[in-house]
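The values are calculated or read from the model by the stated rules, or taken from the named source; none is laboratory data. If you're wondering where the values come from, they're calculated on a predicted model, not measured in any experiment. Heads up, the Cβs are rebuilt from the backbone with ideal geometry, glycines too, and the neighbour counts pull from every protein chain shown.
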Amino acid sequence: MAWVHSVFRSKGIDEWTPGGAAGSLDECKRSATTAASNTAREVRAQNDRGTVITQAGPVVEFTYASGRASLVFVCLPDTVDPSRPPLYLLRRFHLALVDSDGSIPRC
């Protein structure tokens, strides 16, 4: 499964979106690199000369006057959803909210 990780910190963007399915990991990697290349080409055609766009494999980086952004096309097993925190993080967060005796601490 292909995913797109979009990051533009100065705008508060850090998100994962599904990019599509592939029959194999190799096919997914080829598709990810092609998608990154197409995205870089399309954005270059639409943007002014002040924007610097670089692409290396499945990674596209943008440098704007207002900050930097990136798109990373990632292939993951279809059982992985990077848009949700892993269960161990949820458990750790839950444990952090509970005192050692199991009571909820007062803030």
Requested in this report: Would you check if Asp81 is within 13 Å of the chain's Cα centre (by Cα), in a loop (DSSP other than H, G, I, E, B) and either hydroxyl-bearing (Ser, Thr, Tyr) or at pLDDT 80 or above (or both)?
Outcome: yes
Report task. Give the residues of the range 48-74 that are at pLDDT below 90 and more than 19 Å from Asp14 (Cβ to Cβ), sorted by residue number. Result -> Asp48, Arg49, Gly50, Thr51, Ala65
Query raised in the report: So, in the range 26-52, of the ones that are hydrophobic (A, V, I, L, M, F, W, C) and either surrounded by fewer than 15 Cβ atoms within 10 Å (Cβ to Cβ) or in contact (Cβ under 8 Å) with a residue 40 or more places away in the chain (or both), which residue ends up nearest to Phe73 (Cα to Cα)?
Result: Ala32
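For the range 30-57, name all the residues that are part of a helix (DSSP H, G or I), over 24 Å from Trp3 (Cβ atoms) and not hydrophobic (A, V, I, L, M, F, W, C).
Kept after step one, since they are part of a helix (DSSP H, G or I), are these residues of the range 30-57: 30-46.
Filter once more, keeping what is over 24 Å from Trp3 (Cβ atoms): 45.
Once the filter is applied, which keeps residues that are part of a helix (DSSP H, G or I), over 24 Å from Trp3 (Cβ atoms) and not hydrophobic (A, V, I, L, M, F, W, C), the range 30-57 yields nothing.
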Query raised in the report: Restricting the search to the range 53-68, which residues are out of contact with any helix residue (DSSP H, G or I) (no Cβ under 8 Å at 6 or more places or on another chain) and either farther than 10 Å from Ala40 by Cβ or surrounded by 12 or more Cβ atoms within 10 Å (Cβ to Cβ) (or both)?
Result: Glu61, Thr63, Tyr64, Ala65
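Out of Phe8, Phe73, which single residue is within 24 Å of Ser83 (Cβ to Cβ) and touching a helix residue (DSSP H, G or I) at 6+ places or on another chain (Cβ under 7 Å)? Show your work before the answer.
Details: Phe8 fails: touching a helix residue (DSSP H, G or I) at 6+ places or on another chain (Cβ under 7 Å).
Going through Phe8, Phe73 in turn, the sole match is Phe73.
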